[in-house]
Amino acid sequence: MHKINQDGLPEQLESRARDINEEIAWTKNNLEALINNTEDLIWSVDRDGRYVYMNSAYCKRITNIAGIQPRQGDDAYIHSGRTDKVRNEWHGYYARAFSGERYVTRHESLDPTTNEQQYFEVSFNPIYKASKTEIVGVGCFARNITGRLKTEDALIEQNERLRNIASLSSHELRRPVASMIGLLNILDRENFSNPENEQIIEHLITVTNEIDEVIRLIVNNTFIDTRFPL
């Protein structure tokens, strides 16, 4: 026979309910720790454009931009940017997600500390009711990709330099080298005192100077960012 507690519930059910609540609390705390232990921005808004959830990184970002710490229930549109243009841009972002579209876009934003342009890859995901028939909010995830874009730009610049070097090597350098080979082929190696050798050597000196000039040009075009050495 089950013992009954003061609330009229069997103690076994009470113990099971307590275990479930502890498990839910443990899961929630671990999820919060994971979400807040990242520099990526995570937040969600409801149909009225009010915050439902924000992680620590997002709160810090908005606080630096707006000078006010955002709180659950605040109007997210107010914190979207410093100008009407930026706020309207975010209206459009949220509207697309509220229409049921799941998408990723790139957003530019000034760093409030350094005043430098930063780039974020932002994903928008509609949040549905349990019945999957109604969208009640939008979940957002933003990652700073400024460093990645700088790396990509540096690699593009490096590749362009390498193409220029290849072009110089295949065109500008090949011609004088071919001339040098031709002159060496007609050089009288058995009789170095041959008067024609003097003229050939003069031409070789000229061609050698041309090769040296091309090599200098290649060296000048080989300056590569030290992060990406050849």
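At-a-glance table
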| quantity | calculated |
| --- | --- |
| Scope the stretch 77-107; condition touching a Pro at 6+ places or on another chain (Cβ under 8 Å) and within 19 Å of M54 (Cα to Cα); matching residues | H79, A97, F98 |
| Residue in the stretch 16-25 that is assigned to a helix (DSSP H, G or I) and either modelled with pLDDT of 90 or more or in contact with a Pro (Cβ under 9 Å, 6 or more places away or on another chain) (or both) present | no |
| Residue, modelled with the highest pLDDT, within the stretch 117-158, restricted to residues that are in contact with a strand residue (DSSP E or B) (Cβ under 7 Å, 6 or more places away or on another chain) and exposed (fewer than 12 other Cβ atoms within 10 Å of the Cβ) | E134 |
| Filter pass, I78 being at pLDDT below 90, assigned to a loop (DSSP other than H, G, I, E, B) and hydrophobic (A, V, I, L, M, F, W, C) | yes |
| Residues being farther than 13 Å from E172 by Cβ and among the charged types (D, E, K, R) - total across the stretch 195-222 | 3 |
| Candidates R216, R161 - the one that is under 44 Å from the mean Cα position of the chain (by Cα) and loosely packed, with under 11 Cβ neighbours inside 10 Å | R216 |
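The values are calculated or read from the model by the stated rules, or taken from the named source; none is laboratory data. Since we're looking at a predicted model, the values are computed, not measured. FYI the Cβ positions are ideal-geometry reconstructions off the backbone, even for glycines, and counts take in every protein chain you see.
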